[in-house]
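The values are calculated or read from the model by the stated rules, or taken from the named source; none is laboratory data. Since the structure is predicted, the reported quantities are computational estimates derived from the model, not experimental observations. No Cβ is skipped: glycine too gets one built from the backbone with ideal geometry, and neighbour counts run over all protein chains shown.
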Amino acid sequence: MKIGIMGAMPEEVEVIQELMTDISETTYGGRVYIIGKINTVEVVLVFSRWGKVASATTITTLINEFKIKQLIFVGVAGAVNPELNIGDIVISEKLYQHDMDPSPILPKYEIPLTGVTFFYADPVLVTEAKAVCEEILAKVTTMIPFESLTKFKISKPKCYIGTIGSGDKFITSSKQFAEILIDKPETMAVEMEGAAVAQVCHDYAIPFVIIRTISDKANHEAHIDFPAFIAEIAKHYSKYIVQHLIK
Ligand code: ADE
C-alpha cells in the first residue's frame, strides 16, 4: 500500500527524505514529490506548503496522481489549550476550519455541501501514532541536546489526542485564540493546513492522521523562536514519528 507523507516545513521533508531508499522525484504545480520507500513500504513525500489552498492542492495530487491509500501529515502548531506546553504533541482526533463561516446560509464552521464541520482522523492511525509519540517523548532527552530542550523549556513533554482548528491565519494573540475557544472550547491547537487536507481525504475516503508538535502558544511570542524550534526540535520529532509509524 502506498502511503503519502506531507511535511508542513521543508526542514521536516529534508530529514524524512534521509529515511528513504529507491528515490526519484516528480514535480507538479511547483511541488516536488519524492517517491521511494521507507522500511520497504512505498511512500510519496512532499512539502505541503502553507495554508489551506496550497495544502489541499498538494494532497489532491498525492491522491489522484500518485494513488496514495493513506496519509500521514507532520508539522507544528500553536497551542490554544492552556494545559499544553511547547514540545508537546497533538494528534488529530478531529479537525475543523476555524475561519469557515457560511452563515446565515449554513451553520458557522460547516463545510458547504458536505454537512460536516469536523473531519475525523482514522482511529487506527491515531492509536498507532499515539504509541509512537509516547515512545519519542519518553526518550526525548537522549534524542535532542539538553541545551535545545532547556532553551524551549521542554521538560516532560506530553502527547494528546484532540481537536485541531485550521485557518489561513498565523495566530499570535490571546484575543485571536479566545475567539476560537468561545465557539469551540475543545480546540487544543491551531495550524494552517490540517483541516483542509482532512477535507480532501474525506472526499476521497483516504484514511489520514495529522500529527503536530506544539511550537508556540499562539500568543505575541508565537513567531519569535519559530525557525529555531523547527531546526532544533520539530524536525527530529517528525523524522522519528515517520520512521516508526511506517512499517
Ligand atoms: N503553526 C504553528 N504555530 C501556529 C500559530 N500560532 N498559528 C497558526 N499556525 C501555527
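Here are some notes:
- Considering the conditions (1) away from the ligand (no atom under 14 Å from the Cβ); (2) in contact with a strand residue (DSSP E or B) (Cβ under 6 Å, 6 or more places away or on another chain), S166 is excluded by exactly one of them, (1).
- Scanning the stretch 38-84 for residues that are touching a Gly at 6+ places or on another chain (Cβ under 9 Å), of a type in the set (D, E, K, R) and closer than 22 Å to I246 by Cα gives E42, K69.
- Contacts under 8 angstrom Cβ, first residue in the stretch 155-166 being at pLDDT below 95, partner outside any strand (DSSP E or B) and of a type in the set (A, V, I, L, M), 6 or more apart: S155/L149
- Here is the figure for the stretch 118-151: residues that are of a type in the set (G, A, S) and in contact with a strand residue (DSSP E or B) (Cβ under 7 Å, 6 or more places away or on another chain) total 2.
- Filter result (basic (K, R) and at pLDDT 95 or above) within the stretch 167-185: K169, K184
Residue by residue, here is whether (1) surrounded by 19 or more Cβ atoms within 10 Å (Cβ to Cβ); (2) aliphatic (A, V, I, L, M); (3) at negative phi holds:
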site	(1), (2), (3)
A129	yes, yes, yes
T141	no, no, yes
P145	no, no, yes
T163	yes, no, yes
S173	no, no, yes
P185	no, no, yes
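- Residues satisfying the stated conditions in the stretch 35-48, i.e. under 16 Å from E25 (Cβ atoms) and without any contact (Cβ under 8 Å) to a residue 24 or more places away in the chain: G36, K37
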